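Engineer: This structure is in structure tokens; I'll ask about it shortly.
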Amino acid sequence: NLVCHYGFNSYYLNVGVNVFNVFSLNNAPGVSLAAASKPSHTVMMADCRGVDGYQTPSHLSTYLLPPSQPPGKSGADYWGRPDARHSGGTVVELLDGHVKWFRSGGFYTDQSPIDGWFGLQ
């Protein structure tokens, strides 16, 4: 059984993140709103999958990984991936504070550039 909740776009919205050590996210300082050139097109958090049935839920379950980051050992069902639990879509909060429903491909798998909805550019 998967654990489902919300994940924060910690990869791009924190400073000094070591992508090879997700525990570095615990105390990483955030970025200012001014750092985002398109806050209405930057994911802050979304419905997210936690860990799979082989793992114990932990703080890792609170992070939403950008599409450029490889999935864990369980592929798409591993922590950090969006969860399409609302009529086949995911509820996403954008950095400007508004919330929008997306099909997964709309903001995650079919982006161009790959992290288009996640980065601060």
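The values are calculated or read from the model by the stated rules, or taken from the named source; none is laboratory data. Computed from a prediction, not measured in an experiment: that's the story for all the values here. Quick reminder, even Gly has a Cβ in these numbers, built from the backbone with ideal geometry, and neighbours come from all protein chains shown. Keep in mind that these areas ignore ligands, DNA and RNA; they rest on the heavy atoms of the full protein, side chains included. Shrake-Rupley method; radii C 1.70, N 1.55, O 1.52, S 1.80 Å.
Engineer: Take the residues in the stretch 22-52 that are open to solvent by 60 Å² or more (accessible area, probe 1.4 Å) and either assigned to a loop (DSSP other than H, G, I, E, B) or in contact with a strand residue (DSSP E or B) (Cβ under 9 Å, 6 or more places away or on another chain) (or both), then tell me which one is modelled with the lowest pLDDT.
Structural biologist: Among those that are open to solvent by 60 Å² or more (accessible area, probe 1.4 Å) and either assigned to a loop (DSSP other than H, G, I, E, B) or in contact with a strand residue (DSSP E or B) (Cβ under 9 Å, 6 or more places away or on another chain) (or both), it is ASN26.
Engineer: When both residues are 6+ apart or on different chains and their Cβ atoms are under 7 Å apart, which pairs have a first residue that lies in the stretch 30-49 and is of a type in the set (S, T, N, Q), and a second that is surrounded by fewer than 20 Cβ atoms within 10 Å (Cβ to Cβ)?
Structural biologist: Note: pairs meeting the criteria are SER37/LEU120; SER37/GLN121; SER40/ASP96; SER40/HIS98; THR42/LEU120.
Engineer: Also: Give the residues of the stretch 94-110 that are out of contact with any helix residue (DSSP H, G or I) (no Cβ under 9 Å at 6 or more places or on another chain) and open to solvent by less than 50 Å² (accessible area, probe 1.4 Å), sorted by residue number. Steps first, please.
Structural biologist: Of the stretch 94-110, the ones out of contact with any helix residue (DSSP H, G or I) (no Cβ under 9 Å at 6 or more places or on another chain) are 99, 101, 103-109.
Within the stretch 94-110, SER104, GLY105, GLY106, PHE107, TYR108 qualify.
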